[in-house]
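Asks: Can you keep this structure in mind? I'll have questions shortly.
The values are calculated or read from the model by the stated rules, or taken from the named source; none is laboratory data. These numbers were taken from a predicted model, which means no experiment stands behind them. Virtual Cβ from ideal backbone geometry, glycine too; neighbours counted across all protein chains shown.
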Amino acid sequence: MRRVEPQLRELFSREQWIKIAKSISRNEIPRQEQLEVYYALIAYDFARTSAQRAAEAGTRRSTRLRVDPRAKGRKVLEQFVQYARGLRGALNSIQPYLKQSEYISKAENLIEDIYYFQRFAERELSTGERPRQQPYEVLIHRLGVIYERITGNKPARSVYKGRLAGPFFRFVSAILEASNIPARGLNRVIENVAKYAQNRR
């Protein structure tokens, strides 16, 4: 079944897309990457809303229950991590047999997205706590992948006169501004994204 693409004009206006493109010295953002931005923002909004609902439900729950409410979630996450490792291995194994570069690119993108989710899932499992800004941090990581696809450059953290600067920061800031998402803790998150990008093959 062919997936119906969203109306990207409903996400940002043409002027906003142009501003985002200019932040990285481009005339436009390719449609595929526009879609990736769209899906990243939808996933962020869903994760943020789900976290808020879970927190509200937790405050209403009786204090008589001493069972860890995240125990079941951690078990499911453990199972997902095992599944993701197998899927990533399978995707890596099948790539040499794919002749069309379009499908190779899609497989690589899928592997990358799975790895990001796995990384955050393992972090949550190891600490037993959900990072306070996890949906926000995941969003910036996904924007880092999109930035690299468009520019061919790894996301990097740049500072000018003690303030964040550089094309990746401008790209992220333009998207956050257009989405009305506050840029809280951006310095730390961009630093983490840049470190991960440099360590990645």
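Asks: When VAL81 is evaluated against the numbered criteria (1) loosely packed, with under 13 Cβ neighbours inside 10 Å; (2) among the β-branched types (Val, Ile, Thr); (3) modelled with pLDDT under 70, which criterion, by number, is the only one it fails?
Replies: Of the numbered conditions (1) loosely packed, with under 13 Cβ neighbours inside 10 Å; (2) among the β-branched types (Val, Ile, Thr); (3) modelled with pLDDT under 70, the odd one out for VAL81 is (1).
Asks: Here is a follow-up. When you check GLU137 against the structure, is it of a type in the set (Asp, Glu) and modelled with pLDDT under 70, yes or no?
Replies: no
Asks: Let me ask something else. Taking the condition modelled with pLDDT under 70, surrounded by fewer than 16 Cβ atoms within 10 Å (Cβ to Cβ) and of a type outside the set (Gly, Ala, Ser), does ASP68 pass?
Replies: Answer is yes for this residue.
Asks: Out of the residues in region 136-163 that are in a helix (DSSP H, G or I) and hydroxyl-bearing (Ser, Thr, Tyr), state the one that is farthest from the chain's Cα centre (by Cα).
Replies: THR151
Asks: Here's another thing I want to ask about it. Look through ALA121, ALA90 and report the one residue that is at pLDDT below 85, under 20 Å from the mean Cα position of the chain (by Cα) and either in a helix (DSSP H, G or I) or closer than 22 Å to PHE46 by Cβ (or both).
Replies: Exactly one residue qualifies, and that residue is ALA121.
Asks: Something else: What pairs come up if the first residue lies in region 100-115 and is farther than 16 Å from VAL138 by Cβ, the second is at pLDDT below 70 and surrounded by 15 or more Cβ atoms within 10 Å (Cβ to Cβ), and their beta carbons are under 8 Å apart, counting only those six or more places apart or on different chains?
Replies: Partner pairs satisfying both residue conditions: ILE111/ARG88.
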